[in-house]
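Structure first, commentary second.
The values are calculated or read from the model by the stated rules, or taken from the named source; none is laboratory data. Model, not experiment: these values are computed from the prediction. As a convention, Cβ positions derive from the backbone with ideal geometry for all residues, glycine included, and neighbour counts pool all protein chains shown.
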Amino acid sequence: MHRDEVVGEWRGDGSRREWLSTLERYAFPVLGPRPVSAIDAMLVHRVLEPIWSTKPHVGQRLRERLEAVLDYAKGMKLRSGENPALWRDNLEHMLPKANRTSRKHHPALPYAELPAFMVELRAMPGVAARALEFTILTAVRTSEARFARWSEVDLRTGVWTVPGERMKGDKEHRIPLPERVLVTLDELRRESRSDAVFPGRSAGGFVNQDAMADVLAKLHPGVTVHGFRSTFRDWAAETTSYPNHVVEMALAHAISNGVEAAYRRGDLFKKRRRLTQEWADYCASPASAWTTVTPFQGGGRA
């Protein structure tokens, strides 16, 4: 199975790289140079079996992508017969039933435990650890952080502009960068040899999509990278006085209330910058100071 055969419709370069990254890491080593016409259910099982139980969310995503690629190959007359990556009446007899709980729910670290966690994270070396720290401090989605480019980052003004094609809502998003992130990025920039902020060996030269999850699993098994967005949301709601729409915009969520949205056409950047810096300050605070959490009464509405 050659990477040139893995083609189709993607939302953008980020989506394409994510697809290829999954296949290159788990599928290509097993399938080798075989043509798509030679791939059968036993080969698909060999690809999925090592990660099906240990990384269920990855295994499910990989199976779906294999199914899509093989469907495309059949449509292009590159193979015939049933799709060997189908679940029903096929792989369901060879693998345990898929557990999608981890995809529907993203277990989050309670915000009271975050300062202590950040101490451990900052002590870990490596690009993946820095990518996870960056993701937490900016409260962005994993894919948005993974594919960050230096051309999107302005270290002088402390702004990272994510293009719409990489955002869930297809709308460009400006993200204020707190001081800790700027220090980290400055260090990474000096060592950079590519446009990737967090370089790796996966497709496109970006850090692998499971790298941050692997770091997290070593430090705190049972929570997810995406769950830190919920940690941020809970912290903002319970310990600050920032209005809901400021927090929602920081998370790049659409403002659901139509009337409120009509009056919030800007991106509330100055308020979001203060919010993000306060979040970073909280993450860097002494763990002992948050044994008992009290509501923060700072100038959230200023």
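Note on segment 108-161: among residues that are more than 13 Å from the chain's Cα centre (by Cα) and of a type in the set (Val, Ile, Thr), the one that is farthest from Glu179 (Cα to Cα) is Val127. Any chance segment 47-57 includes a residue that's out of contact with any Gly (no Cβ under 9 Å at 6 or more places or on another chain) and within 14 Å of Asn208 (Cα to Cα)? No, every residue in segment 47-57 fails to be out of contact with any Gly (no Cβ under 9 Å at 6 or more places or on another chain) and within 14 Å of Asn208 (Cα to Cα). Of the helices (runs of 4 or more DSSP H) that lie entirely inside segment 83-185, those containing 3 or more residues that are surrounded by fewer than 18 Cβ atoms within 10 Å (Cβ to Cβ) span 101-104, 114-123. The residue list Leu182, Leu216, Leu268 contains one member that is modelled with pLDDT under 85 and hydrophobic (A, V, I, L, M, F, W, C), which is Leu268.
Before we move on, is Ala203 touching a helix residue (DSSP H, G or I) at 6+ places or on another chain (Cβ under 7 Å), modelled with pLDDT of 90 or more and among the small types (Gly, Ala, Ser)? Answer is no for this residue. Among the residues of segment 5-19, is there at least one that is more than 30 Å from Leu216 (Cα to Cα) and either modelled with pLDDT of 90 or more or part of a helix (DSSP H, G or I) (or both)? Yes; the residues of segment 5-19 include at least one that is more than 30 Å from Leu216 (Cα to Cα) and either modelled with pLDDT of 90 or more or part of a helix (DSSP H, G or I) (or both). Out of all the residues in segment 234-243, is one or more assigned by TED's automatic domain parsing to the domain that holds Ala129, at pLDDT 90 or above, hydrophobic (A, V, I, L, M, F, W, C) and under 30 Å from Lys55 (Cβ atoms)? Within segment 234-243, one or more residues are assigned by TED's automatic domain parsing to the domain that holds Ala129, at pLDDT 90 or above, hydrophobic (A, V, I, L, M, F, W, C) and under 30 Å from Lys55 (Cβ atoms). Within segment 22-51, take every residue that is among the acidic types (Asp, Glu) and at pLDDT 90 or above and give me the one that is farthest from Met94 (Cα to Cα). Only one residue tops the list, namely Asp40. The residues listed here are Thr231, Thr161, Thr240, Thr184; of these, the one that is free of Cβ contacts under 8 Å to residues at least 24 places away in the same chain and under 28 Å from Lys271 (Cβ atoms) is Thr161.
For Thr276, the criteria (1) modelled with pLDDT of 90 or more; (2) surrounded by fewer than 18 Cβ atoms within 10 Å (Cβ to Cβ) hold in every case but one, which is (2). If we scan segment 97-109, do we find a residue that is modelled with pLDDT of 90 or more and hydrophobic (A, V, I, L, M, F, W, C)? Within segment 97-109 (the criterion being modelled with pLDDT of 90 or more and hydrophobic (A, V, I, L, M, F, W, C)), the answer is yes, since at least one residue qualifies.
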